[in-house]
Structure formats: structure tokens, C-alpha cells
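Accompanying notes for the structure given below.
The values are calculated or read from the model by the stated rules, or taken from the named source; none is laboratory data. Please read these numbers as outputs of a predicted model, since none were measured by experiment. We place every Cβ from the backbone using ideal geometry, glycine too, and count neighbours over all the protein chains shown. What goes into the accessible areas is simple: the full protein's heavy atoms, side chains included, and nothing from ligands, DNA or RNA. Shrake-Rupley method; radii C 1.70, N 1.55, O 1.52, S 1.80 Å.
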Amino acid sequence: MKLSEIGEFGFIDRLSGKFKHLLLPEYLGIGDDCAIMPFNDEEDYVVTTDLLIEDIHFLKDRITPFQLGHKSLAVNLSDIAAMGAKPVGSFLSIGIPSETEVEYLDSFMKGYHELSQKYQVPLLGGDTTKSKKYLTINVGIVGKCRRGKARLRSMAQNDDIVCVTGFLGDSAGGLEVLLHNLPETKDNLKLIQSHHLPEPHINEGLWLAKQSEIHAMIDVSDGISSDLLHILKASGKSAVVDLDKIPVSDKLKRVTLAEGWDLYKLVTSGGEDYVLLCTLKAGSFEPINTGFKATFDRDLIQIGKIIEGEPRINWTKNGEPHILNQHGFDHFNDLATWKSSIKGF
Ligand code: ADP
Ligand code: MG
């Protein structure tokens with residue numbers, strides 16, 4: 001059987017069950033944005049790691065080394081944010097072709113360092129090795145949260161409101177701009193920036209996790225059609241999502257109209273926006289949003305509702321059911337079928 005037949009998540013399912021019996025009590029292993037390990041009576045550690053490989057996740061001649069350093073850390077910080085945790089340290093392991101310019105690596109570290117500085121996350125270690133051809137980057141991050149208060153994918157409850165913390169689709173729009181070598185207009189450059197310099201929603205995650213009304217949480221790395229489905233599978237729930245309520249930036253609307261893109265595909269399956277998707281206790285949107293707006297100067301956006309049923313997303317448009325034949329990104333299923341074999345660069 002080929003890996004492409006079971007996909008990325010099929011592979012993860014095959015290995016996760018084998019290790020469950022080794023988990024100590026109160027540890028959480030494979031299956032969420034981070035693993036959780038009790039630290040003391042007050043706090044838990046959360047840990048995550050992500051891999052970026054040249055020509056799969058990025059094209060070296062399209063992303064600057066500064067942006068690559070930023071993005072390598074940002075995508076990991078986003079998983080810490082999804083737990084509602086505070087990052088406390090990172091590890092950077094890197095496989096480098098020997099002809100790489102030292103200036104390239106300095107610039108990479110500048111991007112990594114600036115974001116580390118912003119969220120006060122020291123680099124605690126890592127590994128450096130030679131790579132024959134491709135630049136390979138693995139970042140691991142440790143975070144902390146109040147004991148038992150991390151938000152899990154499995155915490156969604158019936159009638160919860162599904163919310164996101166920011167625009168969807170800009171990053172996927174930026175990727176389209178790059179793939180089609182579109183002109184460097186102001187809108188196009190901003191979309192590329194969303195793709196190359198994603199901002200992890202660390203502060204939003206910390207704030208949301210302090211509110212008892214916030215139940216499940218995940219970061220949007222693969223597109224909401226995939227990431228919300230992770231919540232639904234882990235929680236054993238179904239959801240209704242209104243396509244008209246998905247927040248789309250004006251610049252993405254303008255470029256989508258001009259280029260004739262499929263907007264719903266971009267906003268549901270594009271991925272790499274790294275905003276947070278959370279579910280919120282029925283009836284509590286107003287007070288939570290008032291606090292969110294006072295803190296972040298923008299609204300939380302309601303896009304749907306959790307309902308009883310099989311794990312699937314029921315899309316609606318203009319109040320009517322709408323069929324979307326798409327899903328979020330899966331490395332092994334989608335590489336063959338996507339028009340580009342590159343997830344992002
Ligand atoms: P995310 O998009 O939030 O980084 P992933 O979809 O990459 O999450 O991974 C889902 C879960 O599977 C996570 O808990 C992750 O730690 C785990 N996982 C992925 N690949 C492996 C692997 N090779 N070995 C062990 N766990 C893995
Ligand atoms: Mg994640």
C-alpha cells in the first residue's frame with residue numbers, strides 16, 4: 001500500500017495508537033496541536049514541533065531568508081497559541097547544504113530572532129547538520145499554561161458557536177500570486193506578505209484560554225475545512241458553517257474578483273493563515289466579544305455552530321445548504337493532485 005492511499009493523517013492514526021499505553025497519567029500525546037505534560041500543581045508544559053523542507057514547504061528563491069526564519073518559528077508558535085499557552089523556549093534543528101552563504105543564514109536567524117524577541121522566547125538548543133541538497137528546518141517549542149486549562153480539539157460542545165480570530169484566505173491568495181507571477185501591486189504584495197510573514201495569535205490564544213466559555217481551539221494551518229474537521233472528529237460533533245460569514249479581507253476580495261479565483265476554495269481549503277478557530281459556549285458571544293474587542297481592537301468572528309451528529313461540516317450559503325467538494329491540505333493525498341506540488345513558499 002502506498003502512503004498516498006492513506007495520506008498524512010492515515011499515517012498519524014497508524015502510529016498514535018501504538019504509544020497510548022506508554023503515556024503517564026494526565027499526559028496528552030499525539031492528536032492535538034501540542035502534547036501536554038504536567039509540570040507542577042499549577043502548570044502544564046505543552047510541546048510542539050514542525051518541519052519545513054525546501055521545495056515542499058518553500059522555494060528558496062521566492063522567500064527571503066529573513067521571512068523563512070520568521071515563518072519557521074511562527075508556524076510553531078501558532079500551535080502553542082492554539083492550546084492557549086505561553087511559549088517559553090524554542091529548539092532549532094537545521095540541515096544545510098554546504099554551499100549555503102553564511103549571509104543567508106545570518107538573515108534567516110535575524111527573522112527567527114526578531115519574532116523570538118517579540119514573544120520573549122529564547123532559543124534553547126537544536127542541532128546543525130549538513131544536507132546534500134535541500135535546506136531542512138525543524139523547530140520545536142515548549143510552552144506553559146495553567147494546569148488542566150489547555151484548550152483541546154476534543155472540547156467542543158453542542159450548540160457552541162464556531163469563531164475565528166482573523167481573516168481567512170489571504171495566505172492562500174499570496175501563494176496564488178506567487179505561483180502565477182502576478183504583478184507586484186499593493187494588494188498582491190500584501191497577500192504575499194500574509195503568506196511569508198504569518199503572525200501567530202499568541203496573545204489572542206492566551207486571552208481566549210482565560211475565558212471559561214471558550215471550549216475547543218485549534219490554529220488554522222491547513223484550511224478550516226480540515227482544521228474544523230479535526231475538532232469535530234476529536235469532539236464527536238458535527239457543525240454548520242455559513243460561507244457568507246467567513247471573514248475575507250478587502251484586498252483578497254479585490255484580487256479574487258480581478259483574477260477570477262474560487263474564493264470559497266481559498267478561504268476554506270487554502271490554509272496557512274495561522275488564525276485561531278475556537279468554539280464558544282452558546283449565548284456567550286456578546287460578552288466574550290466585548291472583552292476581545294476591548295483587548296485587540298477587532299471583533300471575534302462567528303462563522304457557524306456545533307451540532308450533534310457525525311463529524312462533518314455542513315456548509316450553508318444565503319441560508320441554504322451548499323455542497324463544497326474540497327478539503328484542507330493533506331501532504332500525501334494532495335501532492336499528486338494539486339496543480340503545484342508546493343504547499344507554501
Ligand atoms: P499541526 O497542523 O497542528 O502541526 P499535524 O496535523 O501536523 O498538527 O499533526 C497532528 C498530530 O499528529 C499532532 O499531535 C502531531 O504531534 C502528531 N504527529 C504528526 N506527525 C507525527 C509523527 N511523525 N510522529 C508522531 N506524532 C506525529
Ligand atoms: Mg496546529
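Structure data summary
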read-out	value
Fully extended contour minus Cα-Cα distance, from GLU286 to LYS20, at 0.36 nm per residue	91.8 nm
Accessible heavy-atom area order of SER107, SER212, SER249, highest first, probe of 1.4 Å	SER212, SER107, SER249
Selection of GluC sites (Glu not before Pro), region 41-117, meeting DSSP coil and at most 16 other Cβ within 10 Å	GLU42, GLU99, GLU101
C-alpha center-to-center spacing [region 54-126, region 228-273] in angstrom	27
Largest-first ellipsoid semi-axes for region 179-307, taking √(5λ) over the Cα gyration tensor eigenvalues, angstrom	27, 17, 13
Probe 1.4 Å, all protein chains present, accessible-area order of ASP273, ASP297, ASP50, largest first	ASP297, ASP50, ASP273
With 5 Å bins from 0: P(r) over region 71-210, alpha-carbon pairs, percent	2, 8, 15, 16, 16, 17, 12, 8, 4, 1, 0, 0
Antiparallel DSSP beta bridges within the chain, percent to nearest 5	75
ASP159-THR100 pseudo-label distance in nm [points 7 Å out on the Cα-to-Cβ vector]	5.3
Efficiency of FRET between SER212 and LYS233 - r from beta-carbon atoms, R0 22 angstrom, step 0.05	0.35
Region 184-227: GluC sites (Glu not before Pro) in DSSP coil with no more than 12 other Cβ atoms inside 10 Å	GLU184
Summed residue charge, Cβ within 15 Å of TYR264's Cβ, Lys/Arg positive, Asp/Glu negative	-4
Distance between modelled label sites at THR185 and LEU124, nm, 7 Å Cα→Cβ extension	4.7
Estimated FRET transfer efficiency (THR64, GLU308; beta-carbon r; R0 35 Å; 0.05)	0.15
Estimated distance in nm for a label pair at LEU263 and ASP41, the labels positioned 7 Å out from Cα along Cα-to-Cβ	5.5
Calculated diffusion of the chain, Stokes-Einstein form, Kirkwood radius summed over Cα pairs, 4 °C and 1.567 mPa s, µm²/s	63
Full-stretch length increase - THR295, SER4 - with 0.36 nm per residue and alpha-carbon distance subtracted	100.4 nm
ILE30, ILE141, reordered so the largest accessible area comes first (probe 1.4 Å)	ILE30, ILE141
Lysine pair number, Cα distance threshold 25 Å (strictly under), region 196-265, separation 8 or more or different chains	10
Cα-based convex hull volume of region 73-148 per residue, rounded to whole Å³	88
